[in-house]
Amino acid sequence: MALITYREALNQALREELDRDERVFIMGEEVGYFGGAFKVTDGLIAAYGEKRVRDTPISELTIVGAGVGAAMGGLRPVVELMTINFALLAIDQIVNTAAKARYMFGGQAKVPLVIRAPQGGGHQLGAQHSQSLEAYFLHCPGIRVAVPATAADAKGMLKYALRQEDPVMFLEHESLYGLKGEVPEDGEYLVPFGKANVLREGKDVTIVSYSKTVHDSLKAAETLENQGTDAEVIDLRTLNPLDIGTVIQSVKKTARAVVVYEGWLTGGAGAEIASRIYEAAFDDLDAPVQRVASADVPMPYNRHLEAAALPSPGQIVQAVERVM
Amino acid sequence: MALERERLAERAMHRLAEGELLELYRLMTLIRRFEDKVAEMYTRGKITGFCHLYAGEEAIAVGAIHGLYDKDYVVSTYREHGHCLAKGASPRAVMAELFGKATGISKGRGGSMHLFDPVLRFMGGYAIVGGGLPIATGLALSIAYKEDPEVVCCFFGDGALPQGAFHESLNMASLWKLPVIFVCENNFYGMGTLVQNAICQEELYRFADPYKIPGVRVDGMDVIEVYAAVSEAAARAREGKGPSLIEAITYRFRGHSMSDPAEYRSKREERIWQERDPIKRFRNLLLHERRIAPAVLDKIDQEEAAVVDDAVKFADESPEPPLSELTKNVYVED
């Protein structure tokens with residue numbers, strides 16, 4: 001184990017997979033000589049050269065489409081979108097090609113493409129650079145959605161993404177890059193998709209989250225503990241596949257659930273998770289499922305307004321109080 | 001330029017053995033018979049959904065793909081039956097796909113617009129206009145990465161020219177000198193909109209200039225001219241010199257799709273183009289310039305009609321995909 005950042009863990013995963021598999025290569029805007037807009041690919045071009053670490057023009061649609069084509073051609077591309085906001089320029093290739101090729105071609109196509117993208121707010125980047133768009137991809141069958149919350153998961157899940165065969169949206173949170181955690185140095189450290197992680201066991205309420213708001217949920221759980229409420233915190237790790245079994249098992253124990261995520265409240269992943277809880281555990285619930293999410297507004301620039309728009313530990317505590 | 005092209009085509013014509021010429025004739029005939037039969041089956045309700053026919057444009061698919069090796073890749077659009085057949089697909093498998101049957105080339109999951117055969121390296125029909133160009137660019141990138149000798153031939157219509165995907169892909173392919181041939185089938189109409197009402201530069205091959213790649217316009221009703229241009233572009237791509245843009249002028253003999261009576265075109269215009277029918281024209285060439293006996297060509301006509309009838313019978317008798325497999329193959333482990 002080594003204490004490294006989420007960013008370093010991703011970088012380590014990429015190095016290990018570049019070493020392990022010659023078919024793995026990275027392409028995206030500024031991934032080479034700049035080292036990645038968030039420095040995730042820092043140093044890789046020096047170590048692996050331009051063939052394995054390819055700077056691209058600003059052409060998101062074709063970067064992703066070429067990733068699909070290269071994957072069909074037998075390679076294992078890691079496409080970096082500088083931020084998830086730019087994925088909207090590529091959404092045709094993500095939704096219409098990457099996610100559908102296997103099914104619409106009768107199971108004969110494989111698209112082992114990993115699309116990495118930072119997302120999330122909290123840095124006063126305004127309406128077009130602060131979004132969390134996981135629900136867009138969760139909605140679409142055929143593409144996996146990974147949302148790691150810790151440095152260890154960042155490494156293990158990215159490595160797993162590069163060893164399985166489906167296209168993956170690998171969504172990193174911009175606020176987590178500097179977060180440190182103990183990360184196994186083992187080159188075979190893999191975190192398989194579809195296995196939620198119970199980060200804190202509790203008997204009174206289930207808090208379900210993923211990505212950055214996992215940490216807000218853990219903070220809220222500490223406050224709640226001081227108030228005498230014992231919260232269980234579940235990190236989903238991936239939204240597709242969705243490990244709803246672990247969530248249901250917990251809700252059957254606690255009879256109360258709060259879903260926490262940074263996407264917009266309306267139509268977000270929380271709505272899907274809450275529905276699944278109602279479908280499978282309605283009779284076990286003692287209170288309606290609550291959602292804590294971003295306000296339904298384009299992200300404002302002003303610091304105080306932005307903080308008010310984002311979910312916070314305080315809001316999670318309040319949501320738990322509503323279900324108790 | 002036109003004269004040079006004709007000379008190139010003439011040389012190519014002399015280079016081709018009689019067997020090859022007959023194969024080109026056979027494939028064009030197959031595609032025409034196939035498409036006519038598809039129209040009939042569509043009218044009879046055997047084929048449903050969107051269905052875009054290739055009749056009139058056969059010389060492009062057949063000429064271009066003859067200019068490739070078997071291991072080269074083809075990427076296509078929603079008007080793709082011709083490309084798929086020219087790449088060597090079984091007419092049975094393509095017809096069965098249109099019928100939505102389990103024996104179809106995409107197991108009945110794709111339909112007319114999404115044919116696919118990885119063994120033939122027919123890498124799919126993409127039904128978002130321009131959607132195939134980035135895929136072709138990526139396939140070409142994988143070839144360059146692996147230092148393989150293959151090339152990618154990417155077909156698209158004039159309607160794709162104003163799409164961002166076209167410009168992004170040409171830029172990227174040129175920048176990285178990727179082995180891809182972009183073949184624009186200019187049939188003058190994007191659905192019902194004339195090219196000059198959609199694109200500021202009607203001479204579409206000129207879009208090669210800003211991307212610093214060769215751009216040529218060929219007669220898409222002349223199978224040999226298309227063959228010669230694609231052969232040259234493929235050789236160039238194989239030598240590591242990068243992509244080319246070929247604009248093939250053509251005309252679709254039917255509407256945009258089976259539901260389009262093409263009322264935006266005049267009967268006179270349609271008649272003019274019918275006179276340039278690529279199959280009739282090639283037949284005349286074979287009869288008069290290569291002294292091939294009419295009976296040889298008539299026999300091919302009959303054989304291909306029988307092949308298409310057999311494809312229909314096969315498709316009709318094939319089973320539907322089972323409902324129990326609805327959710328299979330959304331993901332690899334399914």
May I ask for the angle, rounded to the nearest 10°, between helix A:313-323 and the longest principal axis of chain A, with both axes built from Cα atoms and the value confined to 0 to 90°? 50 degrees
Quantify how strongly other chains surround peptide B:137-150 by giving the mean number of their Cβ atoms within 10 Å of each of its Cβ atoms. 6
Could you list the residues of the stretch A:186-200 with an amide nitrogen less than 20 Å from a label point located 7 Å from the Cα of B:THR327 in the Cα-to-C-beta direction? A:193-196
Taking the convex hull of the alpha-carbon atoms of the stretch B:157-260 and averaging its shadow over every direction gives an area in square nanometres of 6.6 nm²
Across A:105-114, the residue-averaged tally of Cβ atoms belonging to other chains within 10 Å stands at 6
Return a whole-number percent for the relative contact order of the stretch B:2-325, with Cα pairs under 8 Å and 6 or more residues apart as the contact set. 24 percent
Taking chain A, the whole-percent share of alpha-carbon pairs separated by over 32 angstrom is 26 percent
Zone residues, the stretch A:103-128, relative to A:ALA2, backbone N less than 12 Å from point 7 Å out along Cα-to-Cβ: none
Inter-centroid distance (Cα atoms) of the stretch A:234-251 relative to the stretch B:112-159, Å: 38 Å
Kindly flag which residue pairs out of B:LYS101/B:LYS299; A:LYS100/B:LYS71; A:LYS219/A:LYS252; A:LYS155/A:LYS212 have an alpha-carbon separation exceeding 19 Å in this structure. B:LYS101/B:LYS299; A:LYS100/B:LYS71; A:LYS219/A:LYS252
Taking 0.36 nm per residue of separation and subtracting the Cα-Cα distance, what length does fully extending A:ASP55 through A:ILE91 add? 10.9 nm
Can you divide the C-alpha Rg of the stretch A:183-293 by 2.2 N^0.38 Å and report the result to two decimal places? 1.05
Qualifying chymotrypsin sites (Phe, Trp or Tyr not before Pro) in the stretch B:255-294, DSSP loop, other Cβ atoms within 10 Å at most 14: B:TYR264
Using only helices, what value at 222 nm comes out for chain A when you add -39,500 (n - 2.57) per DSSP H run of length 4 or more and divide by the total residues, to the nearest 500 deg cm²/dmol? -10500 deg cm²/dmol
Taking the Cα atoms of the stretch B:2-325, report the difference between the largest and smallest coordinate on each principal axis, in whole Å and largest first. 53, 51, 41
Given points 7 Å out from each Cα along the Cα-Cβ axis, report the A:ASN302 to A:TYR33 separation in nanometres with one decimal. 4.2 nm
Whole-number percent relative contact order across chain A, with pairs defined as alpha carbons under 8 Å at least 6 apart: 16 percent
Hey, which lysines would be in cross-link range of B:LYS267, C-alpha to C-alpha under 22 Å, not counting anything within fewer than 8 residues on its own chain? B:LYS280
Only four residue types carry charge here, +1 at the Cβ of Lys and Arg and -1 at the Cβ of Asp and Glu. Report the dipole size of the stretch B:115-199 about the Cα centre in Debye, rounded to the nearest 20. 80 debye
In whole Å, what three semi-axes, largest first, describe the equivalent ellipsoid of the protein assembly as shown built from its Cα gyration tensor (square root of 5 times each eigenvalue)? 53, 27, 21
How are the Cα pair distances of the stretch A:120-244 distributed, in percent, across 10 Å bins from 0? 13, 40, 35, 13, 1
Can you check what the net charge comes to around A:LYS212, using other residues whose Cβ is under 10 Å from the Cβ of A:LYS212 (Lys, Arg +1; Asp, Glu -1)? -4
Overall Cα dimensions of the stretch B:87-214 - principal axes, largest extent first, Å: 45, 42, 20
Radius 11 Å from Cβ of B:GLU97, net charge of other residues (Lys, Arg +1; Asp, Glu -1): +2
Between the stretch B:214-274 and the stretch B:37-70, how far is it from one alpha carbon centroid to the other, in angstrom? 14 Å
Ordered by number, the GluC sites (Glu not before Pro) in the stretch B:206-288 that occupy a DSSP loop and have at most 15 other Cβ atoms within 10 Å are B:GLU239, B:GLU263, B:GLU275
Give, to the nearest whole percent, the P(r) tail of the stretch B:234-294 beyond 16 angstrom, counting all Cα pairs. 66 percent
Let me know the Kirkwood hydrodynamic radius for the stretch A:2-183, please, with Cα pairs as the basis and the value in Å to one decimal. 16.1 Å
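Computed from the coordinates by the stated procedures, all read-outs in this text should not be read as laboratory data. Values in this document were obtained by computation on a predicted structure and should not be read as measured data. Glycine gets a Cβ as well: all are built from the backbone with ideal geometry, and neighbour counts include every protein chain shown.
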